[in-house]
1. How many nm separate the modelled label positions at THR23 and SER43, each set 7 Å beyond the Cα in the direction of the Cβ?
2. Treat the count of other C-beta atoms within 10 Å as a stand-in for reagent exposure and order ILE59, ILE11, ILE44 from fewest to most.
3. About its Cα centre, how strong a charge dipole does the chain have in debye, to the nearest 20, once Lys and Arg get +1 and Asp and Glu get -1 at the Cβ?
4. Name the residue farthest towards the positive end of the dipole of the range 2-49 from the options SER15, PHE2, SER28, assuming +1 on Cβ of Lys and Arg, -1 on Cβ of Asp and Glu, about the Cα centre.
5. Just flag the GluC sites (Glu not before Pro) in the range 11-54 sitting in loop per DSSP whose Cβ has no more than 14 other Cβ atoms within 10 Å.
6. Report, please, the projected area of the chain averaged over directions, based on the convex hull of its C-alpha atoms, in nm².
7. Taking neighbour counts of Cβ atoms within 10 Å as a proxy for exposure, in what order, fewest first, do THR18, THR23 appear?
8. Within the chain, which is the longest segment that contains none of the chymotrypsin sites (Phe, Trp or Tyr not before Pro) sitting in a DSSP loop with at most 11 other Cβ atoms within 10 Å?
Amino acid sequence: MFVATDRKSSIQFLSFSTAMVKTITPMSGRPFEGLSVSPDGKSILFSQFDEEGSDLMLIENFR
């Protein structure tokens, strides 16, 4: 399994025996730091950015 980051990100599976790629699930956010698959192959754990932002603060009379 791998994360494809074309126009839309998705988790995909490459079968070594058939050389075919199958989309497992689309990702709603931008992927972050890979994925893990359970030993039995029934569960996938992945992380993604759902929201990005920053905080800007003005502190007056700071010493």
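Just so it is clear, none of the values below were taken in a lab; they were calculated from the coordinates. Quick caveat: nothing in here was measured; it's all calculated off a predicted structure. Quick reminder, even Gly has a Cβ in these numbers, built from the backbone with ideal geometry, and neighbours come from all protein chains shown.
1. Simple spin-label model gives 2.6 nm for this pair.
2. Numbers: ILE59 6, ILE11 18, ILE44 14.
If I rank by nearby Cβ atoms, fewest first, I get ILE59, ILE44, ILE11.
3. Working: 6 positive and 8 negative charges, 71 e Å.
The calculation lands at about 340 debye.
4. The listed residue farthest towards the positive side: SER28.
5. GLU51, GLU52
6. 7.3 nm²
7. Values: THR18 8, THR23 11.
The most exposed by this proxy come first: THR18, THR23.
8. Details: sites that count: PHE16, PHE62.
By the stated rule (loop sites, at most 11 other Cβ atoms within 10 Å), 17-61.
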